[in-house]
């Protein structure tokens, strides 16, 4: 696919960076960007060389939400919004793991690699949902956030009414969704939305350090199993079943080479040399 509104790169450590790339328009979201983003995420997830995926924005903003021209389009006349944003023709990253994940943006949970949202600047509207469905979230100091929809006469979008209460609690989710107010990264961290906030001038390097640390020291098989556990168990009501399932997973993992390598590395006080996910599992999934 020709990339017009995104960019993609992989570093020698196995960290892939997917970048929203419309800096003159605040990296605002369009149908084209959705198509490219899904295609790139599928590419990264199925590439054995990739161990971690970082999602960020070009320039000084992450993504300011839907393109303003698109908002104006729907304000004129009786447009069928659902039909107009149908992603069926696009790549289907993360699909096929669980039926609950086979939906717009929830597909992030079906990916086999850890995904980091590197929120380098303004994050609004649908970008809040994109970041929320990533696995880890870091922001530059002072970056501004807003769910925006309440001030546009719209309900919470793209699963935010489901995911935000689970990330930041009902009290904070009601606040940011019902008011549509602007809040900054430091408050977002206090509310539990972010893993950390870094100085803007150090942001890219600090996030890269996190991603490279995961790529170098974490077993890809372990990362995948843990990711599958976390999101599946969000939907599980029986905590005992989760405990028993984790025991079975541990038993299986202890028969794998990554476990043996992890123990050897700890004993020998050296960095582990884990194999890539494809080598460990026989597939990219």
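The numbers here are math on the coordinates, done by the rules we state, and not lab data. Computed from a prediction, not measured in an experiment: that's the story for all the values here. Note that we place each Cβ from the backbone using ideal geometry, even for glycine, and neighbour counts take in every protein chain shown.
Per-structure values
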quantity	calculated
Three-way shape call for the range 186-275 based on the alpha-carbon gyration tensor, with the a/c threshold at 1.5	oblate
Which of 183, 133 has the fewest Cβ neighbours within 10 Å, and the rest in rising order	183, 133
Packing-based exposure ordering (other Cβ within 10 Å, fewest first) of 162, 29, 109	162, 109, 29
Mean separation of Cα contacts under 8 Å (6+ apart) over length of the range 6-215, as relative contact order %	19
Neighbour-count order for 63, 242, fewest beta carbons within 10 angstrom listed first	242, 63
Extension reserve of the residue 31-residue 92 stretch, reckoned as 0.36 nm per residue once the Cα distance is removed	20.5 nm
Cβ-derived FRET efficiency at R0 41 Å, residue 236 paired with residue 4, nearest 0.05	0.50
Modelled FRET efficiency - R0 45 Å, residue 264 with residue 206, Cβ distances, 0.05 increments	0.90
Cα gyration tensor, the range 165-219 - rounded (a/c under 1.5), prolate or oblate	oblate
Gyration tensor verdict on the range 148-190 (Cα atoms; rounded if a/c is under 1.5, prolate if a/b is larger than b/c, oblate otherwise)	oblate
